[in-house]
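The values are calculated or read from the model by the stated rules, or taken from the named source; none is laboratory data. Bear in mind the structure is a predicted one, so any value in this text is a computation, not a measurement. All Cβ positions, even for glycine, are placed from backbone atoms using ideal geometry, and neighbour counts span all protein chains on display.
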């Protein structure tokens with residue numbers, strides 16, 4: 001984790017890059033350098049704030065609109081994994097307990113059918129394999 005001094009330096013460099021953007025506002029290269037730096041150093045809120053302020057003062061241009069869209073898309077990609085973790089944390093423990101109980105119950109039923117109907121063992125084995133494959137797929141999808 002970065003210290004306060006590192007965070008201050010990161011913001012200072014971002015501010016310097018922003019001044020370069022203001023000096024050569026029509027250059028896409030300078031805009032891209034500023035946004036790339038903000039993405040790399042997790043300064044997307046700062047970049048969004050700068051472009052929103054710029055849009056309020058100069059009006060909406062194609063270049064400003066493009067930069068804002070890039071910042072928004074980058075923020076969505078950057079914060080998407082965090083949202084997944086938050087949703088996973090919000091899941092009720094009751095649902096997990098219920099799923100585990102249901103899984104155990106289906107296992108007991110499969111064992112009882114296996115013992116009671118030896119002629120259907122292949123069908124039971126296929127059904128158990130399908131249930132296990134579905135459970136593994138769901139588990140991997142939620143990681």
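Quick check, is residue 103 modelled with pLDDT of 85 or more and either part of a helix (DSSP H, G or I) or surrounded by fewer than 11 Cβ atoms within 10 Å (Cβ to Cβ) (or both)? Break it down into steps so the answer makes sense when it comes.
Values: modelled with pLDDT of 85 or more: no; either part of a helix (DSSP H, G or I) or surrounded by fewer than 11 Cβ atoms within 10 Å (Cβ to Cβ) (or both): yes.
Against the criterion (modelled with pLDDT of 85 or more and either part of a helix (DSSP H, G or I) or surrounded by fewer than 11 Cβ atoms within 10 Å (Cβ to Cβ) (or both)), residue 103 does not qualify.
Give all pairs with beta carbons closer than 8 Å in which a residue from the range 10-29 that is touching a residue at least 24 places away in the same chain (Cβ under 8 Å) meets a residue that is part of a loop (DSSP other than H, G, I, E, B) and surrounded by fewer than 13 Cβ atoms within 10 Å (Cβ to Cβ); count only pairs at least 6 apart in sequence or on separate chains.
Qualifying pairs under 8 Å: 10/2.
Answer with yes or no whether residue 120 is part of a helix (DSSP H, G or I) and either in the same structural domain as residue 21 (by TED's automatic domain parsing) or at pLDDT below 85 (or both). Before the answer, list the steps.
On the way: part of a helix (DSSP H, G or I): yes; either in the same structural domain as residue 21 (by TED's automatic domain parsing) or at pLDDT below 85 (or both): no.
When the stated conditions are applied, residue 120 does not pass them.
Is it fair to say residue 55 is outside the structural domain of residue 133 (by TED's automatic domain parsing), modelled with pLDDT under 90 and at positive phi?
Values: outside the structural domain of residue 133 (by TED's automatic domain parsing): yes; modelled with pLDDT under 90: yes; at positive phi: no.
In short, no.
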